[in-house]
């Protein structure tokens with residue numbers, strides 16, 4: 001069984017390479033169009049959306065939160081996938097109500113170049129963290145940090161995924177997403193069947209942790225419900241898929257991807273819940289799962305992580321190329337330049353793997369908190385259609401959110417204790433409430449100030 005996982009990875013990687021046609025046009029590489037210029041169909045869109053958001057870090061986080069905080073930890077993480085619903089509304093308004101072809105174009109029109117610079121900074125960090133997190137999961141599966149097995153797994157996985165991502169860009173990513181998602185669903189179904197047949201899925205195991213509002217699980221659920229209004233807008237992998245199909249296909253893909261993702265996360269997270277309910281003092285989750293499930297289910301568990309990591313990593317690299325070459329316009333949007341950007345982002349992600357923080361959820365919480373400056377943009381500028389928002393409101397909300405993200409990182413990593421001895425998720429809730437409330441207040445004051453000034457000018461005229 002020790003060779004089963006590497007062999008499985010090799011087969012999936014080989015098929016992914018074979019499914020990745022070499023890009024011939026920029027529209028295929030950056031916009032995901034087929035060689036004859038056609039947009040992807042609904043099923044391709046749904047499977048691609050799901051597999052790029054059901055990434056390895058998510059699966060592992062859902063299981064870990066379930067292990068430590070019971071079913072409420074898993075529900076809290078699954079709540080982040082309501083972002084598909086808010087993300088669908090954001091895309092629909094952005095494209096079909098306001099007529100913009102990218103978030104950067106919208107922000108540039110509303111807040112000048114400052115709007116795009118702040119946004120590109122946040123999503124650039126998001127993309128690098130995605131590369132880092134998914135590679136890190138692979139390393140963890142094969143050995144302890146610093147071991148030869150860990151290093152070899154990380155480098156081999158990074159090289160293979162980079163190879164087929166560079167071949168075809170976003171179009172290749174969409175094709176491999178479908179294959180990888182089908183394999184992932186098959187693996188998950190087999191895993192569920194084995195766990196159910198062992199009698200481990202019981203109400204006693206799943207509800208071993210009671211609902212207590214002051215506990216980390218329910219608190220994290222509140223955090224997720226605060227962050228989902230802005231979280232999708234700062235995720236370029238999700239947003240990029242909102243601009244490549246017609247309105248009806250896009251709407252349906254976001255809706256169906258939402259409920260499918262929630263189910264997948266809840267299923268996978270429940271394995272962590274079961275492990276937590278049967279763990280002895282000091283036992284790690286993988287140790288408990290090995291004891292409870294045995295070799296074959298654990299192989300499937302690890303295979304699901306590998307497949308999801310691969311499917312997300314190629315999409316992240318495609319979005320990175322599009323961000324720099326198309327959205328930021330730093331370089332000419334050629335296929336060659338897109339491939340160079342992919343290499344650079346992969347190198348940045350690898351640098352974080354070997355020299356950065358190893359807390360997987362911290363990356364989610366930090367980027368999610370930083371993204372909350374976009375919530376008032378969504379509420380006021382996008383959905384309410386208020387154009388009279390001054391740039392200082394936008395910059396103020398951005399500064400508040402980035403400051404909150406930095407504060408949470410300092411508190412959760414133990415570098416500071418400015419918020420006292422409360423649990424880190426309680427601190428995160430306080431920070432999120434402050435960031436969201438402060439951002440909304442800045443936009444409200446800015447809107448009132450501008451509307452009042454315009455009324456005075458019109459009266460004087």
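The values are calculated or read from the model by the stated rules, or taken from the named source; none is laboratory data. Because the structure is predicted, anything quoted here is derived from the model rather than measured. We place every Cβ from the backbone using ideal geometry, glycine too, and count neighbours over all the protein chains shown.
Per-structure values
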| quantity | calculated |
| --- | --- |
| Residue in segment 289-322 that is nearest to the chain's Cα centre (by Cα), counting only those that are free of Cβ contacts under 8 Å to residues at least 24 places away in the same chain and surrounded by fewer than 22 Cβ atoms within 10 Å (Cβ to Cβ) | 298 |
| Restricting segment 351-373 to residues that are more than 19 Å from residue 429 (Cβ to Cβ) and touching a helix residue (DSSP H, G or I) at 6+ places or on another chain (Cβ under 6 Å), the residue that is modelled with the lowest pLDDT | 360 |
| Criterion violated by residue 94 - all others in (1) surrounded by 19 or more Cβ atoms within 10 Å (Cβ to Cβ); (2) more than 21 Å from residue 370 (Cβ to Cβ); (3) modelled with pLDDT of 95 or more; (4) over 16 Å from the mean Cα position of the chain (by Cα) satisfied | (2) |
| Count - residues of segment 323-333 that are part of a helix (DSSP H, G or I) and touching a residue at least 60 places away in the same chain (Cβ under 8 Å) | 4 |
| Failed criterion for residue 37 (all others in (1) at pLDDT 95 or above; (2) at positive phi hold) | (1) |
| Residue match in segment 174-183 (condition: under 20 Å from residue 268 (Cβ atoms), without any contact (Cβ under 8 Å) to a residue 24 or more places away in the chain and either buried (at least 17 other Cβ atoms within 10 Å of the Cβ) or out of contact with any strand residue (DSSP E or B) (no Cβ under 7 Å at 6 or more places or on another chain) (or both)) | no |
| Residue within segment 123-142 that is surrounded by fewer than 19 Cβ atoms within 10 Å (Cβ to Cβ), touching a residue at least 60 places away in the same chain (Cβ under 8 Å) and in contact with a helix residue (DSSP H, G or I) (Cβ under 6 Å, 6 or more places away or on another chain) present | no |
| Pair list, Cβ < 9 Å and 6+ apart or interchain, from segment 202-220 residues that are under 13 Å from residue 73 (Cβ atoms) to residues that are exposed (fewer than 11 other Cβ atoms within 10 Å of the Cβ) | 219/213 |
| Selected residue (criterion: farthest from residue 316 (Cα to Cα)) from residues of segment 47-82 that are surrounded by fewer than 22 Cβ atoms within 10 Å (Cβ to Cβ) and modelled with pLDDT of 95 or more | 79 |
| Among the candidates 107, 85, residue that is over 26 Å from residue 218 (Cβ atoms) and either touching a helix residue (DSSP H, G or I) at 6+ places or on another chain (Cβ under 9 Å) or surrounded by 23 or more Cβ atoms within 10 Å (Cβ to Cβ) (or both) | 107 |
| Within segment 334-350, considering residues that are closer than 18 Å to residue 123 by Cα and without any contact (Cβ under 8 Å) to a residue 40 or more places away in the chain, the one surrounded by the most Cβ atoms within 10 Å (Cβ to Cβ) | 341 |
| Qualifying positions in segment 26-40 - surrounded by 14 or more Cβ atoms within 10 Å (Cβ to Cβ) and in contact with a helix residue (DSSP H, G or I) (Cβ under 7 Å, 6 or more places away or on another chain) | 26, 28, 29, 30, 31, 32, 33, 34, 40 |
| Some residue of segment 334-342 being under 19 Å from the mean Cα position of the chain (by Cα) and assigned to a helix (DSSP H, G or I) | yes |
| Output for segment 430-451, where each listed residue is under 22 Å from the mean Cα position of the chain (by Cα) and surrounded by fewer than 19 Cβ atoms within 10 Å (Cβ to Cβ) | 433 |
| Checklist (1) assigned to a helix (DSSP H, G or I); (2) modelled with pLDDT under 90; (3) buried (at least 17 other Cβ atoms within 10 Å of the Cβ) applied to residue 23, failing item | (1) |
